[in-house]
Amino acid sequence: MSLFKTLFKSNSAVKSNVEVLNTEDFKKAVHMNKVQLVDVRTAREFKGGHIARALNIDYFKGDAFYKEFEKLDRSKPLYLYCRSGNRSNKAAHQLAARGFEKVYDLKGGILRWK
């Protein structure tokens, strides 16, 4: 297989591992279910209000961000959100590339949740 095909195939696999959910579908998935739910905002933003049972792992913490995700199960679905959906979408693709099998991102972030 050519390098181009290999790169294209792996990129496609990562994209298929990430799904952006609307607020209603995200709420159904995380409500009363024991899921890996992560808020990727800063600690200050998190303290200002967050989704119940969410773990706070700050996207801007560099390598420490990825170290925290090493503690989670890559084979179980991972639900991410941030303020508006920008950071969590970037994080979702990066984490899928690092082996998380299924990553869900909240469309519009916590701004849409409220």
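The values are calculated or read from the model by the stated rules, or taken from the named source; none is laboratory data. Remember, it's a predicted structure, so these values are computed and weren't measured experimentally. No Cβ is skipped: glycine too gets one built from the backbone with ideal geometry, and neighbour counts run over all protein chains shown.
Annotations
- Taking every residue in region 21-47 that is under 14 Å from GLY85 (Cα atoms) and in a helix (DSSP H, G or I) and pairing it with any residue that is among the aromatic types (Phe, Trp, Tyr) and modelled with pLDDT under 95, at least 6 positions away or on another chain, the pairs with Cβ-Cβ distances below 9 Å are THR23/TRP113; PHE26/TRP113.
- Residues that are of a type in the set (Phe, Trp, Tyr) and over 18 Å from VAL20 (Cβ atoms) were ranked within region 30-80; the one that is surrounded by the fewest Cβ atoms within 10 Å (Cβ to Cβ) is PHE60.
- Region 70-114, residues that are of a type in the set (Gly, Ala, Ser) and assigned to a loop (DSSP other than H, G, I, E, B): SER75, SER84, GLY85, GLY99, GLY108
- Residue within region 55-68 that is in a strand (DSSP E or B), polar (S, T, N, Q), touching a helix residue (DSSP H, G or I) at 6+ places or on another chain (Cβ under 9 Å) and at pLDDT 95 or above present: yes
- For region 5-22, the condition of being modelled with pLDDT of 95 or more, touching a Leu at 6+ places or on another chain (Cβ under 7 Å) and surrounded by 11 or more Cβ atoms within 10 Å (Cβ to Cβ) holds for at least one residue.
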